[in-house]
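Enquirer: Here it is, the structure in full.
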Amino acid sequence: LLYAGRSHYELGVLDGVPTSSHFDSADGYFEDLFASHPTSVYIDNGRYYYGLTRYQAEDFTVAAQRFADFRAAFPSSVYYDNAWYYQGRSYYKLVDYPLAATTLEALYAALPASGYADDALYYGARSRYQLGRAGSDPDYETAIAAFQELIDTFPTSVFGDNAYYYMIRAQVALGLCA
């Protein structure tokens, strides 16, 4: 059931549209796995992908809740940081920038060696940048510091160029550039 669900998830991704029926099929397989094999060693894997199906289907409210539930149930899972990151990204996609910022900043603070560390730092900073655009100068300042930390800590990150761009925009907004 796990691999049937994951296969349908991947087919949904390949379809390239959030309305792919494969995401609903994947959910069905995962729900069958949870109901028929509740003590399976694959439950954490299934629960993680259960969140990803809703993320890819752009049902970010449900995705965020599924990732939060996953984190509560499986704090030792190899997918824990992944779920934490996608929970934060779900909030970002929902334009809940305060919750996105705190979720992603907490991930980076708790797990700075995570494979998602630079992602979390970048999208946490982007969330602060968006809050700055809404009129919060302290959030611009927090964003600038986080973008600089990303540049310094992860010099080869794929987010480096964008970090420079948004850092400068925040500095201009604060009147720090002539």
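Enquirer: Just to confirm a number: summing +1 for Lys and Arg and -1 for Asp and Glu over residues other than Thr142 whose beta-carbon lies under 12 angstrom from that of Thr142, what do you get?
Expert: It works out to a net charge of -3.
Enquirer: I've got another one for you. At a 1.4 Å probe radius, which order do Thr103, Thr153 fall into by accessible area, largest first?
Expert: If we order Thr103, Thr153 from most to least accessible, we get Thr153, Thr103.
Enquirer: A further question on this structure: Which residue, chosen from Val95, Ile168, Leu107, occupies the Cα position most advanced towards the positive end of the dipole of region 81-178, where the dipole is computed from +1 (Lys, Arg) and -1 (Asp, Glu) charges on Cβ about the Cα centre?
Expert: Among Val95, Ile168, Leu107, the one farthest towards the positive end of the dipole of region 81-178 is Val95.
Enquirer: Shape call for region 26-70 from the C-alpha gyration tensor, a ≥ b ≥ c root eigenvalues: rounded (a/c under 1.5), prolate (a/b greater than b/c) or oblate?
Expert: It is prolate, given that a/c is not under 1.5 and a/b is the larger ratio.
Enquirer: How much solvent-accessible surface does Phe34 expose, in Å² to the nearest 10, with a 1.4 Å probe and all protein chains in place?
Expert: So the heavy atoms of Phe34 present about 20 Å² to solvent.
Enquirer: Using 1/(1 + (r/R0)^6) with R0 = 35 angstrom and r between the beta carbons of Ala4 and Leu94, what's the FRET efficiency to the nearest 0.05?
Expert: 0.75
Enquirer: Using label points projected 7 Å from each Cα along Cα→Cβ, tell me how many nm separate Asp152 and Asp137, to one decimal.
Expert: Modelled inter-label distance: 2.3 nm.
Enquirer: With every protein chain left in place and a probe of 1.4 Å, what is the accessible surface of Thr142, to the nearest 10 Å²?
Expert: 60 Å²
Enquirer: Next question. Compute the label zone of Tyr164 within region 135-157: residues whose backbone N is under 20 Å from the point 7 Å along Cα-to-Cβ.
Expert: Residues 143-157 qualify, since their backbone N sits under 20 Å from the label point.
Enquirer: Among [x] -0.68, -0.79, -1.11; [y] -0.62, -0.73, -1.09; [z] -0.60, -0.69, -0.93, which one is log10 I(q)/I(0) by the Debye sum over Cα atoms at q = 0.12, 0.13, 0.16 Å⁻¹ computed from these coordinates?
Expert: Entry [z].
The values are calculated or read from the model by the stated rules, or taken from the named source; none is laboratory data. Keep in mind that what you see is a predicted model, and the values were worked out from it rather than measured. With ideal geometry, Cβ positions are generated from the backbone for all residues, glycine too; neighbour counts draw on all protein chains shown. Please note that ligands, DNA and RNA were not included when accessible areas were found on the heavy atoms of the full protein model with its side chains. Shrake-Rupley method; radii C 1.70, N 1.55, O 1.52, S 1.80 Å.
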